[in-house]
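Following: one structure in structure tokens, then a few remarks.
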Amino acid sequence: MLRIREDVKDALNSKKPVVALESTIIAHGMPYPKNVQVALEVEEIVRSRGCVPATIGVIKGETIVGMNEREIEFIGKEKDVLKLSTREIPLCTAQKRTGATTVSATAFIAHEVGIKVFATGGIGGVHRNVEDSMDVSRDLEELSRTNIVVVSSGAKSILDLPKTVEYLETKGVLIVGFKTDEFPAFYTRHSGIDIPEVDSEDVIAEIYREKERLSINSAILVANPIPEEHEIEREVVDRWISDALMECNKRGIRGKGVTPFLLSKIVELSGGKSLEANIHLVKNNAEVASKIALALSR
């Protein structure tokens, strides 16, 4: 029950650059119709840079690598779309349900079909107060065992960023900053966490090849900060997060519901500013991912 769009299949067979894109941002990250509009715009950015976009998702039990416009529209409008980490993929496909892939599921499926580069917004991570909740995103475990390049604006600001970075380092995931020596914090460029800096996509491609030569099977996380003109001040973001977390705890929301609720609440508290920032950083990550995919294909 796997379907690869023809242009994606042709590109993979002829070693042309392909960039994987997730579908959770469509189903759970933005409201309709903005979600569909942004998804199609991100695909167009990838195409305009000489790569083939492959948005990944599951529709009525069929895993699709390279959803078409009609399918993106469907997953953007459909109610009760499952949020799929790697572990829920067989549940979704066996029950012929529709699901949107998170970072972990997208990375897993992309790697299975031979896609080397994946662009997202921000990865999941270690949640705040993890000592009580034990809430750690499956994204981190998947990155520790999947040989792929993931371009993101760090991890979502609602998380415990120092613990997230520490977890990734312990699990052997190489984190590099694209033209930055600081781990970005999603809406803002700064977190105070130092990471090694690389200054070009060619360097990242060379690191990936060297990692393959050494048979190190884990991801390279390329931390690409939000463009400076679109970032939001850290103090302002922290205030929104604090208010959103308070509301989340008051309602007793747990597990998979936490991230969508917090992001939605922050959009409300920010008057839409956080959504606009999210859109700009996703598009910027798609551009950088396309450059890396091109460098790898050379």
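The values are calculated or read from the model by the stated rules, or taken from the named source; none is laboratory data. None of these values were measured; they are calculated from a predicted model. Glycine gets a Cβ as well: all are built from the backbone with ideal geometry, and neighbour counts include every protein chain shown.
Observations on the model:
- Residue 39 vs. criteria in contact with a Ser or Thr (Cβ under 8 Å, 6 or more places away or on another chain), crowded, with 18+ Cβ neighbours inside 10 Å, not basic (Lys, Arg) and not in a strand (DSSP E or B): yes
- Residue tally, condition part of a loop (DSSP other than H, G, I, E, B) and in contact with a helix residue (DSSP H, G or I) (Cβ under 9 Å, 6 or more places away or on another chain), over the stretch 1-31: 8
- Residues of the stretch 261-277 satisfying the condition of being modelled with pLDDT under 95 and under 19 Å from residue 40 (Cβ atoms): 275
- On the stretch given as the stretch 83-93, residues that are buried (at least 18 other Cβ atoms within 10 Å of the Cβ) and part of a helix (DSSP H, G or I) total 5.
- The residue of the stretch 217-246 that is surrounded by the most Cβ atoms within 10 Å (Cβ to Cβ), among those that are in a loop (DSSP other than H, G, I, E, B) and touching a residue at least 60 places away in the same chain (Cβ under 8 Å), is 219.
- Among the numbered conditions (1) in contact with a helix residue (DSSP H, G or I) (Cβ under 8 Å, 6 or more places away or on another chain); (2) modelled with pLDDT under 95, the only one that residue 80 does not meet is (1).
- Checked against the criterion of being more than 17 Å from the chain's Cα centre (by Cα), closer than 18 Å to residue 118 by Cβ and among the hydroxyl-bearing types (Ser, Thr, Tyr), the stretch 38-54 has no qualifying residue.
- Every residue from the stretch 268-297 that is free of Cβ contacts under 8 Å to residues at least 60 places away in the same chain and part of a helix (DSSP H, G or I): 268, 269, 273, 276, 280
- In the set (1) buried (at least 22 other Cβ atoms within 10 Å of the Cβ); (2) under 22 Å from residue 273 (Cα atoms), the condition left unmet by residue 32 is number (1).
- Which numbered condition residue 96 fails, given (1) in a loop (DSSP other than H, G, I, E, B); (2) in contact (Cβ under 8 Å) with a residue 40 or more places away in the chain: (2)
- Selection count, the stretch 109-164, where residues are in contact with a strand residue (DSSP E or B) (Cβ under 8 Å, 6 or more places away or on another chain), of a type in the set (D, E, K, R) and not in a helix (DSSP H, G or I): 5
- All conditions in (1) touching a Ser or Thr at 6+ places or on another chain (Cβ under 9 Å); (2) surrounded by fewer than 24 Cβ atoms within 10 Å (Cβ to Cβ) hold for residue 122, with the sole exception of (2).
- Pairs are defined by a Cβ separation below 9 Å, a sequence spacing of at least 6 or placement on different chains, a first member in the stretch 48-64 that is of a type in the set (S, T, N, Q), and a second member that is surrounded by 15 or more Cβ atoms within 10 Å (Cβ to Cβ) and part of a loop (DSSP other than H, G, I, E, B); the pairs so defined are 55/22; 55/23; 55/66; 55/67.
- Look at (1) crowded, with 18+ Cβ neighbours inside 10 Å; (2) on the phi > 0 side of the Ramachandran plot and you find that residue 15 fails only one, number (1).
- Lone unmet requirement of (1) hydroxyl-bearing (Ser, Thr, Tyr); (2) within 30 Å of residue 4 (Cβ to Cβ); (3) buried (at least 24 other Cβ atoms within 10 Å of the Cβ); (4) touching a residue at least 40 places away in the same chain (Cβ under 8 Å) for residue 187: (2)
- Cβ-Cβ distances below 7 Å connect no pair with a first residue in the stretch 23-38 that is acidic (Asp, Glu), a second residue that is buried (at least 18 other Cβ atoms within 10 Å of the Cβ) and part of a helix (DSSP H, G or I), and a separation of six or more residues or different chains.
- Matching residues, the stretch 46-95, being in contact with a Phe, Trp or Tyr (Cβ under 8 Å, 6 or more places away or on another chain) and farther than 19 Å from residue 151 by Cα: 59, 76, 77, 89
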